[in-house]
Amino acid sequence: MNIGWIGLGNMGIPMAAQLINAGYKVSVYNRSKDKGIELNKLGSTIAETPKSLLENVDIVIIMVSDDEAIKQIFESENGLLSAEASGKIIINMSTVSPAVSKAMDQKSQQKGNAYLDAPVSGSVKQAETGQLVIMVGGDETVFEKAKPVLDTLGKLTLRVGETGAGNQAKLAINSLLALYAQGLAETVLFANNNGIKTDDLLNLINNAAIGNIFTKIKGDAILADHYKPAFALKHIVKDLRLARDEGISSPLAETALKTFESAEAAFGEEDLIAVIKSL
Ligand code: NAP
């Protein structure tokens, strides 16, 4: 099976590499061409446009930023919808709105292609090791065809409903992610202000029942004062806005959106745990 990959950002590069290492023939497309070089060295070919990519593969997987990027990938002059191709499966793993998934699903079907939304939970580390958690919306038969490929990228691939349901599940999960990040940052600052050292506090948290992979990884980042983005802060702002648009209106969600929005101008390109600097 030939796979086309669109989007070589922090997540796209390790995910596409995972497929190449599993033995799939992979061809990649990215808006900024230089990012394909790394994967080219691993054995992938490079496509010039989404159109030519779809015409030459069986499945296209997309991992780009947001709704705007998805519209570009599908609807631009040499986008996926301009391809002379049918019977293909297009899997959108980006975190985007359910509405854009439903729209692109309909347009893909009109061209004779199938669409799944399959966003992921987990970050760069999980992407590098095939340990992502993948939540899928779309037709069950198409899902069963695509599942072996998705299983290469994740430790759990779960269909949660029709088109857009994967996006809904992801927005729910990322609402919790934002609360974890803000909560951890506030807790560290509160303890520091009362004379407790960060490494002592993190040692306690990570050995206690409230410790988890997130507190370990982001705690290490705080300790090292290292905010290179695994998951850029600007993306959690995007996700909290999408969650708000889908109807979340709890006190915590509203506070988190305000917190991350006010951090975005200074720290949007850094990791989401850079919110500690803003707080
Ligand atoms: P990233 O590092 O910011 O990369 C974004 C990718 O989207 C790049 O390939 C970029 O191309 C492309 N892109 C952006 N705007 C575009 C446009 N208008 N047209 C075409 N391509 C465009 O993002 P990421 O961290 O890999 O995240 C990708 C998606 O996964 C996002 O939806 C994010 O919310 C989600 N996600 C991320 C994580 C994480 O930990 N990082 C975890 C789970 C889910 P250029 O190279 O040309 O800029």
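What follows draws every value from the coordinates through simple rules; no lab data is involved. Because the structure is predicted, anything quoted here is derived from the model rather than measured. Cβ: placed from backbone, ideal geometry, glycine included. Neighbour counts: every protein chain shown.
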Inset, instruction - Sum up the charges of everything whose Cβ sits under 13 Å from the Cβ of I134, counting Lys and Arg as +1 and Asp and Glu as -1, but leave I134 out. - result: +2
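If you wrap the chain's Cα atoms in a convex hull and average its projection over all directions, what's the area in nm²? Display every interim value, and only then the final one.
Details: hull surface 58.7 nm².
Taking a quarter of the hull surface, the average projection is 14.7 nm².
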Inset, instruction - For the range 116-253, would you read off the P(r) tail past 28 Å as a percentage of all alpha carbon pairs? - result: 28 percent
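Using alpha-carbon pairs under 8 Å, 6+ residues apart, how would you state the relative contact order of the range 2-162 in percent? List each step's numbers first, then the result.
Numbers: 326 pairs, mean separation 32.2, N = 161.
Relative contact order for the range 2-162 comes out at 20 percent.
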Inset, instruction - Quick one: which residues, 5+ away or cross-chain, put their amide H under 5 Å from the amide H of L116? H built at 1.01 Å from N. - result: I90, I91, N92
Legend entry - the range 37-95: GluC sites (Glu not before Pro) falling in loop per DSSP and having at most 16 other Cβ within 10 Å: E48, E77, E84
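In what sequence, highest mean first, do 186-193, 151-158 appear when ranked by Cβ atoms within 10 angstrom?
Working: 186-193: 14.5, 151-158: 17.8.
Final packing ranking: 151-158, 186-193.
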Legend entry - Between helix 213-224 and the chain: long-axis angle, C-alpha atoms, 0 to 90°, nearest 10: 60 degrees
Inset, instruction - Please sort by residue number the trypsin sites (Lys or Arg not before Pro) in the range 29-85 whose DSSP state is loop and whose Cβ has at most 10 other Cβ atoms within 10 Å. - result: none
Inset, instruction - Quick one: angle between helix 198-207 and the longest Cα principal axis of the chain, in degrees between 0 and 90, rounded to 10, please. - result: 70 degrees
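Going by the alpha-carbon gyration tensor, a ≥ b ≥ c the square roots of its eigenvalues, is the range 78-188 rounded (a/c under 1.5) or, if a/c is not under 1.5, prolate (a/b greater than b/c) versus oblate? Write out the running numbers ahead of the final one.
Values: a/c = 2.34, a/b = 1.82, b/c = 1.29.
It is prolate, given that a/c is not under 1.5 and a/b is the larger ratio.
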Inset, instruction - Taking the chain as the reference, fit the longest principal axis to its C-alpha atoms, fit the long axis of helix 12-21 to the helix C-alpha atoms, and give the angle between the two in degrees, 0 to 90, nearest 10. - result: 60 degrees
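Ranked by Cβ crowding within 10 angstrom, fewest neighbours first, how are V149, V28 ordered? If you can, show how the numbers build up before the last one.
On the way: V149 20, V28 26.
Lowest to highest Cβ neighbour count: V149, V28.
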Legend entry - Protection proxy ranking of 85-91, 246-252, 268-274 - average other beta-carbon atoms within 10 Å, highest first: 268-274, 85-91, 246-252
